[in-house]
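Report on the following structure.
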Amino acid sequence: MLLIYAPINQEFKIIKILANVKVKKHLEDLGILPNGTITLLSVNGGNVICLTKNVRLALDKITASKILVA
């Protein structure tokens, strides 16, 4: 499922990032890697706040919709 549709306060495994090379590299630099874990903390108008590697990140709706989790 896409990150924007995931339930809040549950930890998920990142399966794949469905984006171009530039966006993938940016997300990897932020710590969002395939096979890593991510927890959705808040959703506001499609924009999300998530937790990965003990760091809170805010992602816009477009970027969050490119992260596939399970």
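One table, with the values for the structure above:
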quantity	calculated
Dipole magnitude of the chain about its Cα centre (Cβ charges: Lys, Arg +1; Asp, Glu -1), debye to nearest 20	160 debye
Pair Leu41, Lys22: separation of 7 Å Cα→Cβ label points (nm)	2.8 nm
Solvent-accessible area, 1.4 Å probe, carbon plus sulfur percent, for the chain	54 percent
Average accessible area per residue (Å²) across the chain - probe 1.4 Å, nucleic acids and ligands excluded	62 Å²
In Å, descending, principal axis extents of the Cα set of the chain	27, 22, 21
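The values are calculated or read from the model by the stated rules, or taken from the named source; none is laboratory data. Source: prediction; values computed, not measured. As a convention, Cβ positions derive from the backbone with ideal geometry for all residues, glycine included, and neighbour counts pool all protein chains shown. Accessible surface areas use protein heavy atoms only, side chains included; no ligands, DNA or RNA. Shrake-Rupley method; radii C 1.70, N 1.55, O 1.52, S 1.80 Å.
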